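Just below is one structure, and these are the notes that go with it.
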Amino acid sequence: MAPARLYRLVLVVAIVIVGAVYLADLAQDRSATRLPSAEIAAYEGQPLTPIEGIRENSIKGPQQVDIGTYHLTVSGLVTKPQNYTYQEVLDRFPHYEKVVTLHCVEGWDATLLWQGVLVSDLLNSSVPDDQGSIVIFQAADGYTTSFPRSYFTDRPILLAYQVNNLTLPAERGYPFALVAEDKWGYKWIRWVTGIEVSDDTGYRGYWEQRGYAPDGDLNRSFFG
Ligand SMILES: Nc1nc2c(c(=O)[nH]1)N[C@H]1C(S)=C(S)[C@@H](COP(=O)(O)O)O[C@H]1N2
Ligand SMILES: [Mo]
């Protein structure tokens, strides 16, 4: 075969293969749109707070996050920085659920069923450095808050995508809200966009800069 014809043949075969792989990929993407299930009122006999009744007190009001462009990053002092889409977070990590009560410093509380992935699983996927003793969370409204990394390695802490069996409404932090068990409400960051591993033990988040205790432990006063 003449070299020119052979070249054309190879080119045509290559285009056909690339095209077939692309079409097979398209055909596989049958990810269904999630329909919200009905809100539940109790869990194993424990009454839950209806989400409609919860006070909305965020610094800039509920954020409208565009899920088409949304990413959750895991970055900072890590070996493998990550940049997940919403669906990747739901698909790649095991799901857990737990009833946890949020207590706001303003004096109200809400007992809710939270469904989410484990922050420890997200962190492990990035392989944090040993000196990364702090984890800073960032949100779509510019809000931040931080924790010792041990908080997430010692116990199963959820990054929630559902509350009371409903996909998180915008007011509750869609797409992801931190269920900061045993911490005051200001540690329960909503509209989470980033998880950063850091060695900055002096880091202070939004309310922490304004005088609230950095650890935010419920069994202690929230005044820094
Ligand atoms: N991004 C962001 N997260 C936030 C806040 C905020 O202003 N912005 N407010 C915090 C405070 S002070 C409280 S009490 C809880 C309230 O959470 P809820 O409305 O889901 O009960 O959200 C916390 N998370
Ligand atoms: Mo709060």
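The values are calculated or read from the model by the stated rules, or taken from the named source; none is laboratory data. Source: prediction; values computed, not measured. Cβ sites come from the backbone with ideal geometry, for glycine too, and all protein chains shown count toward neighbours. Keep in mind that these areas ignore ligands, DNA and RNA; they rest on the heavy atoms of the full protein, side chains included. Shrake-Rupley method; radii C 1.70, N 1.55, O 1.52, S 1.80 Å.
Observations, loosely collected:
- Here's how it looks for G205: its modeled amide H is under 5 Å from those of S146, which are all 5 or more places away or on a different chain.
- Residue range of the chain that is longest and free of GluC sites (Glu not before Pro) which are both DSSP loop and sparsely packed (at most 12 other C-beta within 10 Å): 107-224
- Point-charge dipole on Cβ atoms (K/R +1, D/E -1) for the chain, about Cα centre, debye to 20: 660
- Highest-fluctuation residue, F137, F93, F147 considered, GNM on the chain with Cα pairs under 10 Å: F93
- From phi via Karplus (6.51, -1.76, 1.60), per-residue ³J(HN,Hα) for the stretch 139-152 in Hz, x at Gly/Pro: 10, 4, 9, x, 5, 9, 7, 9, 9, x, 5, 4, 4, 8
- Highest-fluctuation residue, P148, P128, P47 considered, GNM on the chain with Cα pairs under 10 Å: P47
- Loop sites by DSSP among the trypsin sites (Lys or Arg not before Pro) of the chain, restricted to those with at most 15 other Cβ atoms within 10 angstrom, leave 61-209 as the longest stretch without any of them.
- For the stretch 42-210, the convex hull drawn through the C-alpha positions has a volume of 110 cubic angstrom per residue.
- Value of relative contact order over the chain, rounded to a whole percent, pairs C-alpha under 8 Å and six or more apart: 22
- Amide H partners (placed H, <5 Å) of Q162, local residues excluded: Q115, L168
- Modelled label positions at S58 and V12, each set 7 Å beyond Cα in the direction of Cβ, lie 5.7 nm from each other.
- For the chain, the number of Lys pairs separated by eight or more positions or lying on different chains, with C-alpha atoms closer than 26 Å, is 5.
- C-alpha center-to-center spacing [the stretch 83-102, the stretch 119-154] in angstrom: 15
- Label point at D109 placed 7 Å out along Cα→Cβ; residues across the stretch 43-70 whose backbone nitrogen lies under 19 Å: 43-57
- Ligands, DNA and RNA left out, the 1.4 Å accessible surface of the stretch 134-214 is 45% carbon and sulfur atoms.
- Of all the options Y203, Y161, Y174, the one that moves most in a Gaussian network model of the chain with Cα springs shorter than 10 angstrom is Y203.
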